[in-house]
1. For the Cα atoms of the chain, what angle does the longest principal axis make with the long axis of helix 51-68, in degrees from 0 to 90, nearest 10?
2. With N denoting the number of residues in the chain, provide Rg(C-alpha) divided by 2.2 N^0.38 Å, to two decimal places.
3. Choose one of Pro15, Trp27, Met1: the residue whose Cα lies farthest towards the positive end of the charge dipole of the chain (beta-carbon charges +1 Lys, Arg; -1 Asp, Glu; about the Cα centre).
4. Charges at C-beta only: +1 for Lys and Arg, -1 for Asp and Glu. How large is the resulting dipole of the chain about its Cα centre, in Debye rounded to 20?
5. Can you show me the helix-derived [θ] at 222 nm for the chain, built from DSSP H runs with n ≥ 4 at -39,500 (n - 2.57) apiece and divided by the number of residues, rounded to the nearest 500.
6. Quick one: dipole size for the stretch 33-73, taken about the Cα centre, charges +1 on Lys/Arg Cβ and -1 on Asp/Glu Cβ, in debye to the nearest 20.
7. What is the list of residues in the stretch 56-73 whose amide nitrogen lies under 16 Å from a point 7 angstrom out from the Cα of Arg38, following Cα to Cβ?
Amino acid sequence: MQQACLSIRVDATNPRHHLWCNNGTWWIHYTLNTSDGRIRRVRRSLGTHDLREAAARRDELLARLAVEGARVS
């Protein structure tokens, strides 16, 4: 496994940045840059039907990834 860094742009005017709703469930999408120069797009279910909860989970996940990074295979 290799280390990856979060690579995102946040549109402050869009409170739903990095979120989309698929059949009632909110998902997040973001990009990781790996140590070997590859780019990995990640899509992940946030497991909620509530937009406020999805935004809170998104903020927590992006903050954690910004600090800790991610491990990718």
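Values quoted throughout were computed directly from the atomic coordinates according to the rules given, and no laboratory measurement underlies them. Here the structure is a predicted model, which means the values were calculated and not measured. With ideal geometry, Cβ positions are generated from the backbone for all residues, glycine too; neighbour counts draw on all protein chains shown.
1. 10
2. On the way: Rg = 12.6 Å, N = 73, 2.2 N^0.38 = 11.2 Å.
That works out to 1.13 for the chain.
3. Result: Met1, furthest along the dipole toward the positive end.
4. Details: 12 positive and 7 negative charges, 45 e Å.
In total the dipole reaches around 220 debye.
5. Values: 1 runs with 18 residues, N = 73.
Rounded to the nearest 500, the figure is -8500 deg cm²/dmol.
6. On the way: 10 positive and 6 negative charges, 47 e Å.
That gives a dipole near 220 debye.
7. 70-73
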